[in-house]
Amino acid sequence: MKEETVNKDISKLAFQRAIAFAGIILFIGKLVAWQLTNSDAVFSDAMESIVNIVSAFLGLYSLYLAAKPKDKEHPYGHGKVEFITSGVEGLLIIIAGILIIVQSSNSLIKGNHVKDLDWGIFIVLITGLINYGLGWYSLIKGKRENSLVLIASGKHLQSDTITTLGVVISLVIVHFTHWYWIDSAVALIFGSYIIFIGYQIVRKALSGIMDETDDKLLKEITAILLANRQPQWIDIHNMKIQQYGANLHIDAHITLPWYYSLREAHNEMEKVLILLAKNLDRQIEFNFHMDDCKPISCSVCQISNCPVREFPFEKKIEWTIKNISQVQKHTV
């Protein structure tokens, strides 16, 4: 497991490095296209490429830190840095969007004439196709390996591809119609779109930093527990999930029969931990607390031959993402 994790970290670092250096090459291409055309739309694309470069190197640094092992100062590892760099990336995207809106608004007011559109269209189109390929693979790889940095890079590159496509379409229209205002109007629209994408990335990063509940992940864990539920697992509650990088830390309370020996109780708890570890595609650190059952648990306890039952069974409690995270034990 440890060797597999190390290999994944190396793979993520290598791919993010490729994204960073590809970003430099693509930025140079867009800069050439902007100088040739004097187009606001191409300027907006080039501005986003600057952000691509900065965020790619930030992502590379965060992946390097996140891959470092736990130490005395960082007992949970360094994975949280991914949220910070993703937040910075989102902020940079928002700033780029604002600069694009300022530039395009100024051109709409004063007027702007573009030139040499044929070469500009060709260069921008090539950079867009390369960006799309990198973004698609980064998103797939990021989701497969639960890397917020690669997911953020993928979304950023894909948003860059959409703006690039819009730029190409606007340049084609301007080339044939000579309606130069379209160039600035398109830049204005995509500047607003870029700000929205940046906001989404910042929002996701903040939710990770503040350990916001991930309902999708909690629902997945609940489904696994329900599908493999055992009668002796009388109750599971007070579950909390913390994400650091691609890894998880799960806290929970499990209620077991009070007459179990310490070894029996520990074995039952381990069954739950192994079950989750096998069915979730992440490295997980667990902190489960064992509770002994009380008379109030009898009404929801499904052990049919319980030797110490004080009250009759009344109702099976179906675990949900809401009640599995409640602090109190489940009762009827």
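Between helix 2-37 and the chain, what is the angle of the helix's C-alpha long axis to the longest principal axis, kept within 0 to 90° and rounded to the nearest 10?
20 degrees
Pop out the carbon and sulfur fraction of the accessible area of the chain as a percent, whole number, probe 1.4 Å. Before the final figure, lay out each step's value.
Details: 10920 of 17070 Å².
The computed percentage sits at 64.
I'd like the accessible area for Trp181, computed on protein heavy atoms only with a 1.4 Å probe and all protein chains in place. Round to 10 Å², please.
Taking all protein chains as shown, Trp181 has close to 150 Å².
So what's the angle, to the nearest 10 degrees on a 0 to 90 scale, between helix 117-144 and the longest Cα principal axis of the chain?
Computed tilt is about 10 degrees.
Under Stokes-Einstein, with the Kirkwood radius over Cα pairs standing in for Rh, what whole-number D in µm²/s applies to the range 227-305 at 25 °C and 0.890 mPa s? Before the final figure, lay out the partial values.
Working: Rh = 13.5 Å.
My calculation gives 182 µm²/s for D.
Over the range 95-199, what is the mean sequence separation of C-alpha contacts under 8 Å (at least six apart), divided by residue count, expressed as relative contact order in percent? Kindly include the intermediate steps, with their values, before the conclusion.
On the way: 111 pairs, mean separation 44.9, N = 105.
Across the range 95-199, relative contact order equals 43 percent.
Expressed as a rounded percentage, what relative contact order does the chain have, with Cα pairs under 8 Å and six or more residues apart?
Working: 530 pairs, mean separation 57.7, N = 332.
Relative contact order of the chain: 17 percent.
When the helices in the chain are scored as -39500 (n - 2.57) per DSSP H run of 4 or longer and the sum is shared across all residues, what 222 nm value do you end up with, to the nearest 500 deg cm²/dmol?
-22500 deg cm²/dmol
Beyond 32 Å, what share of the Cα-Cα pairs of the chain is found? Please give it as a whole percent.
Details: 25249 of 54946 pairs.
For the chain, the share of Cα pairs beyond 32 Å comes to 46 percent.
For the cross-link pairs Lys12/Lys322; Lys240/Lys278; Lys271/Lys316; Lys204/Lys271, which exceed 29 Å when the distance is taken from alpha carbon to alpha carbon?
On the way: Lys12/Lys322 34 Å; Lys240/Lys278 19 Å; Lys271/Lys316 21 Å; Lys204/Lys271 33 Å.
Where the Cα-Cα span goes over 29 Å, the pairs concerned are Lys12/Lys322; Lys204/Lys271.
Please give the solvent-accessible surface of Lys219 in Å², to the nearest 10, using a probe radius of 1.4 Å with every protein chain present.
Ignoring ligands and nucleic acids, Lys219 comes out at about 140 Å².
Of Glu220, Glu318, Glu82, which is the most mobile in a GNM of the chain whose springs link Cα atoms less than 10 angstrom apart?
Result: Glu318 has the largest fluctuation of those listed.
What angle, in degrees between 0 and 90 and rounded to the nearest 10, separates the Cα long axis of helix 262-279 from the longest principal axis of the Cα atoms of the chain?
Tilt of helix 262-279: around 20 degrees.
Taking the Cα centre of the chain as the origin, how large is its charge dipole in debye, to the nearest 20, when only Lys and Arg (+1) and Asp and Glu (-1) carry charge on their Cβ atoms?
On the way: 31 positive and 32 negative charges, 53 e Å.
The dipole magnitude comes to about 260 debye.
Going by average Cβ neighbours within 10 Å, how do the peptides 196-208, 39-51 rank, with the highest at the top? Mind dumping the intermediate values first?
Values: 196-208: 17.8, 39-51: 27.0.
Peptide ranking by packing, descending: 39-51, 196-208.
With a point put 7 Å past each Cα toward its Cβ, work out how far Tyr137 is from Lys115 in nm, to one decimal.
3.8 nm
Along the charge dipole of the range 152-247, which of Leu206, Trp233, Ile221 sits closest to the positive end, that is, farthest toward it, with unit charges on the beta carbon of Lys, Arg, Asp and Glu (+1, +1, -1, -1)?
In the range 152-247, that residue is Trp233.
Please state the charge dipole magnitude for the range 277-329, taken about the Cα centre, from unit charges on C-beta atoms (+1 on K and R, -1 on D and E), reported in debye and rounded to the nearest 20. Spell out each step's value before the answer.
Working: 8 positive and 7 negative charges, 27 e Å.
Rounded to the nearest 20 debye, it is 120 debye.
What list of ³J(HN,Hα) values in whole Hz, one per residue of the range 179-185 in order, does the Karplus curve 6.51 cos²θ - 1.76 cosθ + 1.60 (θ = phi - 60°) give from phi, with Gly and Pro shown as x?
For the range 179-185, the Karplus curve yields 8, 5, 5, 4, 4, 5, 5 Hz.
Give a residue-ordered list of calculated ³J(HN,Hα) values for the range 49-54 (Karplus: 6.51 cos²θ - 1.76 cosθ + 1.60, θ = phi - 60°; whole Hz; x for Gly, Pro).
Couplings: 5, 4, 4, 3, 5, 4 Hz.
Using a Gaussian network model of the chain with C-alpha springs under 10 Å, which one of Ile19, Ile126, Ile274 is most mobile by mean-square fluctuation?
Answer for the Gaussian network model of the chain: Ile274.
Which is farthest toward the positive dipole end of the range 234-332 among Leu275, Ile303, Val332, measuring Cα position about the Cα centre, with Cβ charges +1 (Lys, Arg) and -1 (Asp, Glu)?
Towards the positive end, the residue furthest out is Val332.
Mean-square fluctuation check for the chain, GNM, Cα pairs under 10 Å: which of Ser104, Ser159, Ser299 is largest?
Result for the chain, Cα springs under 10 Å: Ser299 fluctuates most.
Cα-based Rg (one decimal) and Dmax (whole number) for the range 189-331, in Å?
That works out to 18.8, 71 Å for Rg and Dmax.
The values are calculated or read from the model by the stated rules, or taken from the named source; none is laboratory data. Worth saying up front: this structure is predicted, and the values here are computed from it rather than measured. Cβ atoms come from the backbone with ideal geometry, glycine included; neighbour counts cover every protein chain shown. To get the accessible areas, we keep the full protein, side chains included, count just its heavy atoms, and leave off ligands, DNA and RNA. Shrake-Rupley method; radii C 1.70, N 1.55, O 1.52, S 1.80 Å.
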